Ligand code: ATP
Ligand code: MG
């Protein structure tokens, strides 16, 4: 099964992110991420067999996540996949620590795939027609978090993904 670990936005922020995705979609086209799939990926694991997934879910439910607030204040894009996203102008040390310690634990459990670089971002559009984000509205949002989720991504018949949460961290 295809798995990743992510932060999930609180409901009000999810709604706001969805509104921004609509605005971006009107300007830039492409495929808008549906509201129920908006997230911040901390670790993409890819294919994991069922036995390992059960062990992983048990481990995730024992994790504590130090409460934090991530500031979202900038639009950006990834050129190659033509992704339009929002993230931070400045580095977010607590989030980087969370991602690093998470990967330390994953590697200790034999999971490969730690990326060379972590760019915290929330994908709003994929395969955008335009990557011009300069005239999108100014943003300054806060994302309070205190837990992470282990999520399974299931491809449905139409080729779109559906997400299901398998486990949540215990919180601080
Ligand atoms: P779709 O692929 O249908 O557009 P999706 O990208 O939301 O849907 P997944 O491809 O399962 O669904 O991805 C789940 C999460 O993992 C997303 O945040 C995605 O950006 C990230 N991800 C997917 N593939 C990789 C990869 N090879 N390396 C790093 N992160 C990835
Ligand atoms: Mg994908």
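Structure notes:
- Residues of region 24-38 classified as closer than 17 Å to residue 13 by Cβ, outside any loop (DSSP other than H, G, I, E, B) and out of contact with any strand residue (DSSP E or B) (no Cβ under 8 Å at 6 or more places or on another chain), total: 1
- Top-ranked residue in region 72-92 [being outside any loop (DSSP other than H, G, I, E, B) and in contact (Cβ under 8 Å) with a residue 60 or more places away in the chain; ranked as nearest to the chain's Cα centre (by Cα)]: 86
- Single residue of region 1-13 satisfying the filter (within 16 Å of residue 72 (Cα to Cα) and surrounded by fewer than 17 Cβ atoms within 10 Å (Cβ to Cβ)) that is nearest to the chain's Cα centre (by Cα): 10
- Among the numbered conditions (1) away from ligand 2 (no atom under 16 Å from the Cβ); (2) assigned to a helix (DSSP H, G or I); (3) touching a residue at least 12 places away in the same chain (Cβ under 8 Å), the only one that residue 65 does not meet is (2).
- Qualifying positions in region 136-160 - within 16 Å of ligand 2 (Cβ to nearest atom) and surrounded by 14 or more Cβ atoms within 10 Å (Cβ to Cβ): 151, 152, 153
- Against the test of being surrounded by fewer than 18 Cβ atoms within 10 Å (Cβ to Cβ), more than 23 Å from residue 22 (Cα to Cα) and in contact (Cβ under 8 Å) with a residue 12 or more places away in the chain, the options 126, 117, 109 yield a single qualifying residue, 109.
- Options 95, 56: the member that is more than 14 Å from ligand 1 (Cβ to nearest atom), assigned to a helix (DSSP H, G or I), crowded, with 19+ Cβ neighbours inside 10 Å and over 13 Å from the mean Cα position of the chain (by Cα): 56
- The set of residues in region 161-172 that are within 13 Å of ligand 2 (Cβ to nearest atom) and out of contact with any helix residue (DSSP H, G or I) (no Cβ under 6 Å at 6 or more places or on another chain) comprises 161, 162.
- Per-region count, region 88-135, residues within 16 Å of ligand 2 (Cβ to nearest atom) and closer than 28 Å to residue 57 by Cβ: 7
- Check on residue 50, exposed (fewer than 12 other Cβ atoms within 10 Å of the Cβ) and either away from ligand 2 (no atom under 16 Å from the Cβ) or under 16 Å from residue 139 (Cα atoms) (or both): yes
The numbers here are math on the coordinates, done by the rules we state, and not lab data. Note that the structure is a prediction, hence the values are computed from the model and not measured. We place every Cβ from the backbone using ideal geometry, glycine too, and count neighbours over all the protein chains shown.
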